[in-house]
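Following: one structure in structure tokens, then a few remarks.
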Amino acid sequence: MRQIVTTRNGGVEVLQIEEKPDPIPKSGEAIIRVRAAGLNFADILARQGLYPDGPPKPCVMGYEVSGVVEALGEGVNTGLIGKSVVALTRFGGQAELVAVKATQMFDKPKSLTFEQAAAIPVNYLTAYALLLVMGSLHEGESVLVHNAGGGVGLAALDIAKKVGAVTYGTASPSKHKFLVERGLDHAIDYRSQDWLPVLKELTDGRGVDLVIDPLGGGHWKKSYAALRHTGRLGMFGISTASATGFQGKLKLVKAVLQTPWFHPFGLLNRNRGVFGLNLGHLWHEPEKIALWMRDIVRGVDEGWIRPYVDRAFSFDQVGEAHSYIEERKNTGKVVLVP
Ligand SMILES: NC(=O)c1ccc[n+]([C@@H]2O[C@H](COP(=O)([O-])OP(=O)(O)OC[C@H]3O[C@@H](n4cnc5c(N)ncnc54)[C@H](OP(=O)(O)O)[C@@H]3O)[C@@H](O)[C@H]2O)c1
């Protein structure tokens with residue numbers, strides 16, 4: 001089988017296609033013939049050497065796939081053979097075949113293409129946990145979604161609209177028209193202006209009930225300042241540090257130095273909450289993931305979960321796919337097809 005190997009830290013030239021023996025399923029595992037694999041920002045940070053959760057290099061990245069079950073290990077329901085599924089993969093998803101624990105597989109919604117289905121697991125589970133589980137977003141509340149035009153951003157918009165929240169979103173200006181068509185109430189250009197005063201003006205100085213922030217560093221301080229009373233800040237990434245080589249290390253150090261501390265008395269007196277989310281640290285909670293996924297798949301059937309694939313790149317074009325995201329050209333999901 002062919003795999004996309006991140007051979008070492010560096011630019012897109014370190015990504016190579018390599019032939020490897022087909023995987024053999026262990027007990028409790030299934031082998032999926034991959035039809036589409038999600039490309040996530042984490043894959044880019046890993047290539048840049050800025051993602052501590054990634055496997056040692058050389059490695060095959062990939063947190064999610066859609067495909068067809070081809071083989072099963074001991075103890076797995078034989079009825080699964082030939083089923084179309086989506087799955088979370090603890091790396092290795094960017095390959096023609098991948099072994100996954102059967103508990104990490106879910107039926108592919110019939111109405112979706114394989115490419116659309118591969119856009120579900122990471123983006124929608126992250127958005128679901130941020131908005132509904134930890135962020136407790138309620139009807140009539142307001143939410144600020146940073147990087148609203150990205151994969152997680154669009155997923156968060158779908159969920160916020162379903163809840164009946166007022167949505168504010170930061171994104172590069174080229175994405176604003178699309179975002180408004182998708183239902184975003186207020187699009188903010190955060191590239192050419194300071195988004196915080198704009199948000200304050202839009203909310204009559206009050207701020208919002210929930211901010212989800214994958215930018216990190218000093219942005220978390222600003223996002224905290226954007227909360228109204230009983231507001232919550234969900235922190236889930238440090239994309240502000242993204243860069244290749246020495247520049248990336250510098251940006252990471254800067255982000256760490258600018259990271260705010262939240263004192264309990266400050267939270268108490270301002271009626272605010274802060275929380276962090278890392279989906280990659282939830283592998284030991286498959287029951288929770290399965291519950292959230294059940295709601296998400298129901299949302300697909302009901303029409304309010306609408307995974308949006310911007311572009312599908314072939315495995316051979318993986319370098320272009322990375323650059324496409326790094327250059328902020330993507331609106332929604334980028335997937336890789338074998
Ligand atoms: N903690 C978790 O469990 C978890 C799970 C999934 C994703 N995440 C994080 O969530 C963020 C979004 O992930 P995603 O996979 O959905 O990717 P994505 O949103 O498709 O990421 C690409 C977009 O991010 C924006 N961006 C912000 N800073 C950037 C930078 N320095 N360089 C390039 N683009 C930048 C750009 O859009 P605009 O310029 O339009 O804003 C770009 O188009 C990432 O930080 C990721 O690490 C965390």
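Building the convex hull from the alpha-carbon atoms of segment 195-338 and averaging its projection over directions returns 12.2 nm². Calculated on C-alpha atoms, the gyration radius of segment 147-261 divided by its Kirkwood radius gives an Rg/Rh of 0.97.
This model, with +1 at the C-beta of Lys and Arg and -1 at the C-beta of Asp and Glu, gives segment 257-338 a dipole about its Cα centre of some 400 debye. The alpha carbon convex hull volume per residue for segment 241-311 rounds to 206 Å³.
Site pair Glu13 and Asp189 shows an inter-label distance of 3.6 nm when each label is modelled 7 Å from Cα along Cα→Cβ. Angle between the Cα long axis of helix 286-302 and the longest principal axis of the chain, 0 to 90 degrees, nearest 10? For helix 286-302, the angle is close to 80 degrees. Backbone amide hydrogens, once placed in the peptide plane, bring Val166 within less than 5 Å of Gly140, Glu141, Ser142, Val143, excluding anything fewer than 5 places away on its chain. Compute the helix-to-body angle for 151-163: its Cα long axis versus the longest principal axis of the chain, expressed 0 to 90° and rounded to tens. Approximately 60 degrees, to the nearest 10. Under a model in which nothing but the beta-carbon of Lys, Arg (+1) and Asp, Glu (-1) is charged, the chain shows a dipole of about 640 debye around its Cα centre. Among rounded, prolate and oblate, which fits segment 124-193 when a ≥ b ≥ c are the square roots of the eigenvalues of its C-alpha gyration tensor, a/c under 1.5 means rounded, and a/b larger than b/c means prolate? It comes out prolate by the Cα gyration axes. Remark on Gly231: its backbone amide H falls under 5 Å from those of Gly273, a criterion applied only to residues 5 or more positions apart or on other chains, H modelled at 1.01 Å from N. Specify the residue with the greatest mean-square fluctuation among Leu279, Leu257, Leu233, computed from a Gaussian network of the chain linking alpha-carbon atoms under 10 Å apart. The residue that fluctuates most here is Leu257. In the context of the full set of protein chains, residues of the chain present 44 Å² of accessible surface per residue (probe radius 1.4 Å, heavy atoms only). A simple rule links phi to the HN-Hα coupling: the Karplus curve 6.51 cos²θ - 1.76 cosθ + 1.60 with θ = phi - 60°, which for segment 8-24 gives 6, 6, x, x, 5, 5, 7, 8, 9, 8, 10, 8, 9, x, 4, x, 10 Hz, with x for Gly and Pro. Would you please calculate the Kirkwood hydrodynamic radius of segment 37-96 over all C-alpha pairs and express it in Å, rounded to one decimal? Computed over Cα pairs of segment 37-96, the Kirkwood hydrodynamic radius comes out at 12.8 Å.
Volume per residue for segment 60-135 equals 107 cubic angstrom (convex hull of Cα atoms). Taking amide H positions as modeled 1.01 Å from N, with prolines and chain starts lacking one, the residues under 5 Å from Leu72 and 5 or more places away or on another chain are Ile31. Sequence-ordered 3J(HN,Hα) estimates for segment 121-135 from the Karplus curve with 6.51, -1.76 and 1.60 and θ = phi - 60° stand at x, 5, 5, 6, 5, 4, 5, 4, 5, 5, 7, 9, 7, 8, x Hz, glycine and proline given as x.
Springs between Cα atoms under 10 Å define the GNM used for the chain, and in it the highest mean-square fluctuation of Gly149, Gly280, Gly237 occurs at Gly280. In the chain, the portion of solvent-accessible area held by carbon and sulfur atoms comes to 53 percent [1.4 Å probe, whole percent, DNA, RNA and ligands not counted].
Structure remark: mean-square fluctuation, Gaussian network model of the chain, C-alpha springs under 10 Å; the largest value among Gly169, Gly73, Gly151 belongs to Gly73. For segment 40-55, 3J(HN,Hα) computed residue by residue from phi via the Karplus equation (6.51, -1.76, 1.60; θ = phi - 60°) reads 10, 4, 4, 5, 6, 4, 5, 4, 6, x, 10, 10, x, 7, x, x Hz, glycine and proline entered as x. Rounded to the nearest 500, the 222 nm mean residue ellipticity of the chain from helices alone is -8500 deg cm²/dmol, with -39,500 (n - 2.57) taken per DSSP H run of at least 4 residues.
With 20 Å bins beginning at zero, the pair-distance distribution over Cα atoms of the chain amounts to 32, 58, 10, 0 %. Principal-axis analysis of the Cα atoms of the chain puts helix 246-258 at an angle of about 50° to the longest axis. Can you pull the Kirkwood radius for segment 1-102, inverse mean 1/r over Cα pairs, to one decimal in Å? Kirkwood hydrodynamic radius for segment 1-102: 13.8 Å.
The values are calculated or read from the model by the stated rules, or taken from the named source; none is laboratory data. Model, not experiment: these values are computed from the prediction. FYI the Cβ positions are ideal-geometry reconstructions off the backbone, even for glycines, and counts take in every protein chain you see. Just so you know, the surface numbers come from the protein's heavy atoms only, side chains and all, with ligands and any DNA or RNA stripped out. Shrake-Rupley method; radii C 1.70, N 1.55, O 1.52, S 1.80 Å.
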